[in-house]
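Written below as structure tokens is the structure these notes are about.
What follows is calculated from the coordinates using simple rules that are stated; it is not laboratory data. All figures in this text were calculated on a predicted structure; none of them were measured in a lab. Reconstructed Cβ throughout: ideal geometry from the backbone, glycine too, with neighbour counts over all protein chains shown.
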Amino acid sequence: MKTNRFYKIIISVLILINIGTLFIFLKGHKGPQRPDRNQLVEMLDLSGNAKTKILALQDDHFKKKDALIKRSRNLHESLFKSFNDKSKDSSEIKMLIDKIVENQRETEQMTFDYFKVVNSLCTPDQQKRLQELIHDVLKRAGGPPSPPKRKY
């Protein structure tokens, strides 16, 4: 009798854990997260005309960036599908790689231009904060810090 009750409790706990895990997994996974629309504006403490212009620029920037990311994904998919495609020669593969590189160049140029315009709309103090924010993002995007160098 006691062992049956023990097993029922254990099974109930395991079911609850599974349901909780599924809930967290399905609810928590929302795909790539875009920064909050007002995050940059709040971090730089923008207001008035600069805030309005930057929000409009930001919307346009993310629309273009999303299109370039989608294009990059499609180009990479085409490239890696070519492993099994005997009809594609090295010149076609090179063309695909060149398109991927050009797409990345467009993305980088567009991002640079966006931040250049944002910078021009900022006060000198805000420009300094913008530089710090960009530096922090680049530091995080670079992965973990390299190990310390040995001293001989």
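Once divided by 2.2 N^0.38 Å, the Cα radius of gyration of the stretch 34-141 becomes 1.40.
Put in line by how crowded their Cβ is, counting other Cβ atoms within 10 Å and starting with the fewest, Ile97, Ile24 read Ile24, Ile97.
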